[in-house]
1. In nm, to one decimal, how far is the Val253 label point from the Leu270 one, both placed 7 Å along Cα→Cβ?
2. Let me check I have the definition right: for segment 186-251, take the eigenvalues of the Cα gyration tensor, multiply each by 5, take square roots. What are those semi-axes in whole Å, largest first?
3. Grab the alpha carbons of segment 153-304, take their convex hull, and tell me the volume per residue in Å³.
4. Using alpha carbon centroids, what distance separates segment 68-127 and segment 7-57, in Å?
5. Select from Pro271, Gly258, Gly285 the residue farthest towards the positive end of the dipole of segment 242-303; place +1 on Cβ of Lys and Arg, -1 on Cβ of Asp and Glu, and compute about the Cα centre.
6. At 0.36 nm per residue, and after removing the present C-alpha to C-alpha distance, how many nm does the segment from Thr44 to Lys217 gain when stretched out fully?
7. Estimate the FRET efficiency between Ala126 and Arg286 by the formula 1/(1 + (r/R0)^6), using the beta-carbon distance for r and 41 Å for R0, to the nearest 0.05.
8. Calculated from DSSP H runs of 4 or more alone, at -39500 (n - 2.57) each and per residue, what is the 222 nm mean residue ellipticity of the chain, nearest 500?
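Each reported figure results from applying straightforward, stated rules to the coordinates on display, with no laboratory input. All values reported here derive from a predicted model rather than from experimental measurement. Please note: Cβ atoms are built from the backbone with ideal geometry, for glycine as well, and neighbour counts cover all protein chains shown.
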Amino acid sequence: MRRRRGRPLDGWLVIDKPSGVTSTQMVGRAKRIFDAQKVGHGGTLDPLATGLLPLAFGAATKTVPYIMDGTKIYRFTLRLGEARDSDDADGNVTAVSDVRPTDEELRAALPALTGDIMQVPPVFSALKVAGERAYDMAREGRPPELPPRPARVDRFELIERPDRDTAIFEVESGKGVYMRALARDVALACGTVGHITALRRLRVGPFTEADAIVLDKIVLNDDNAHASPELLRPVATALADIPAVALTRDEAVSLLHGQALSLVDLMDRLPQIDEDAPIRAMEGGRVLGLCRREDGFLRPVRIL
């Protein structure tokens, strides 16, 4: 059996992604800098976008779905009066308009784009249509008709208006919400057109800008020319905002062996959350894994 190249590192690295590179390219850079066997990311950022890109090393890749399910905060700049085929500054102009909405008109359009909405994704997206990526079809001059998809937007605010052509918004949302589509749709709702010229992700789940580092500024060790594993955060960091239940030593042993625990014995310790929401199982300060309630039992879903 061929040995996998690189070191078997586990943990999270939260980087501040620069504009002009893809999320996959950042994963490749981190893999080389740390000489790591396995690295993935917790939610794609467009090449144009900057900001938080959590990178999962080794066992942390098991917790990526929980990061992607977490709350995200974005700030984007909308350029009014010009539509682009990609809905951002990298695309070709497809329409122009002389209409420039007031601040009040922009704010009045936001409630309809907040809450549980149906959103048409940008044609330049990674969604698959009959086995093909939408962005590949669009680049070949065959832009697909993408149906609306459910999306959850918890907060959508106009925070700055530098000039009549420009508006800056902040958005708090769940997974799968396209900021480029929100920018496009708020312009359309105001009787004009627009596209994103700048996009920054400020938060992903428990990670904030204060946690982020610039990958290119990491100092390598002199002895092996690789970054220190001490820069990685523990795997369980990704689960910090998931409600927890404290287990006894015996309960922890049972759970680690894949056994379900009776809810009767845990009722006074369980967090008050939705029935199907994940629960973080703890023994002291140690994270054991994630569980769900089912048929009167607490069942392990992912053991770390």
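1. 2.5 nm
2. 37, 27, 7
3. Output value, Cα hull per residue: 183 Å³.
4. What the calculation gives is 26 Å, centre to centre.
5. After comparing all options, I get Gly285.
6. Full extension of this stretch gives 60.1 nm more.
7. FRET efficiency, Ala126 to Arg286: 0.65.
8. For the chain, the value works out to -4500 deg cm²/dmol.
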